[in-house]
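Peer 1: Got a structure for you, questions after.
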């Protein structure tokens with residue numbers, strides 16, 4: 001079979017699976033099934049990236065999103081008790097607005113794809129193919145040599161964003177108990193347990209106890 005024909009068949013097959021899985025994400029009633037459909041969407045998109053010789057993006061999509069983010073989403077969805085009826089209350093009411101927004105986004109994406117396609121014709125050949133290396137190798141060399149400073153700045157901004165998100169969402173509850181590590185370190189072990197030595201005292205039995213005690217039969 002012609003390799004180009006095989007690649008075209010695989011492209012249409014993965015594209016069909018991606019679109020079908022994406023539609024299943026928003027149409028399935030079970031939340032866990034919707035998350036699994038989203039995992040299939042990401043995996044099929046990664047296959048499309050591989051067909052387009054973008055191996056780095058495909059691997060990043062599988063490792064980061066499918067292997068980490070979606071697994072976290074799946075555990076969160078399975079642990080939460082979500083009321084499905086309340087979620088579907090405003091679905092029909094806001095359906096026209098959602099369709100309009102979806103059509104606008106589709107028109108913007110199609111326009112962007114057309115502009116990028118015209119721009120790609122002017123850019124020339126793929127730099128990775130010209131250098132004779134894979135897409136991942138070329139991207140790694142470019143990222144850690146020519147673009148090292150912007151890469152470090154982006155990593156710093158993301159780190160600050162994570163710390164800021166944790167700081168903004170931190171709330172102290174009045175009914176919750178918190179442990180202070182500094183106070184635990186300062187505790188003296190002798191103050192935690194106190195050993196008291198007491199003399200043993202034997203109390204005589206009370207008369208009431210003697211009356212209730214079983215008596216031996218007289219001869």
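The values are calculated or read from the model by the stated rules, or taken from the named source; none is laboratory data. Values in this document were obtained by computation on a predicted structure and should not be read as measured data. Glycine also receives a Cβ, built like all others from the backbone with ideal geometry; neighbour counts cover every protein chain displayed.
Peer 1: Just wondering, is there one or more residues in the range 143-166 that are touching a helix residue (DSSP H, G or I) at 6+ places or on another chain (Cβ under 8 Å), at pLDDT 80 or above and within 22 Å of residue 52 (Cβ to Cβ)? Working first, answer last.
Peer 2: From the range 143-166, those touching a helix residue (DSSP H, G or I) at 6+ places or on another chain (Cβ under 8 Å) are 143-144, 151; that's our starting set.
Subsequent filtering for residues that are at pLDDT 80 or above retains 143-144, 151.
Checking the rest, the ones that are also within 22 Å of residue 52 (Cβ to Cβ) come to 143.
Within the range 143-166, one or more residues are touching a helix residue (DSSP H, G or I) at 6+ places or on another chain (Cβ under 8 Å), at pLDDT 80 or above and within 22 Å of residue 52 (Cβ to Cβ).
Peer 1: Do you know which of the residues in the range 44-67 that are outside any helix (DSSP H, G or I) and in contact (Cβ under 8 Å) with a residue 40 or more places away in the chain is surrounded by the most Cβ atoms within 10 Å (Cβ to Cβ)? Show your work before the answer.
Peer 2: First, the residues of the range 44-67 that are outside any helix (DSSP H, G or I): 52-54.
The next check asks that each one be in contact (Cβ under 8 Å) with a residue 40 or more places away in the chain; those that pass are 53-54.
On the way: 53: 12, 54: 18.
My answer is 54.
Peer 1: If you don't mind, there's one more thing I want to ask. Answer yes if at least one residue in the range 93-108 is modelled with pLDDT under 80, surrounded by fewer than 12 Cβ atoms within 10 Å (Cβ to Cβ) and not in a helix (DSSP H, G or I), and no otherwise.
Peer 2: Scanning the range 93-108, I find at least one residue that is modelled with pLDDT under 80, surrounded by fewer than 12 Cβ atoms within 10 Å (Cβ to Cβ) and not in a helix (DSSP H, G or I), so the answer is yes.
Peer 1: Answer yes or no: is there a residue in the range 168-180 that is modelled with pLDDT of 80 or more and part of a helix (DSSP H, G or I). Give the steps one after another, and end with the answer.
Peer 2: Just the residues of the range 168-180 that are modelled with pLDDT of 80 or more, to begin with: 168.
The next check asks that each one be part of a helix (DSSP H, G or I); those that pass are 168.
Checked against the condition, which is being modelled with pLDDT of 80 or more and part of a helix (DSSP H, G or I), the range 168-180 yields at least one hit.
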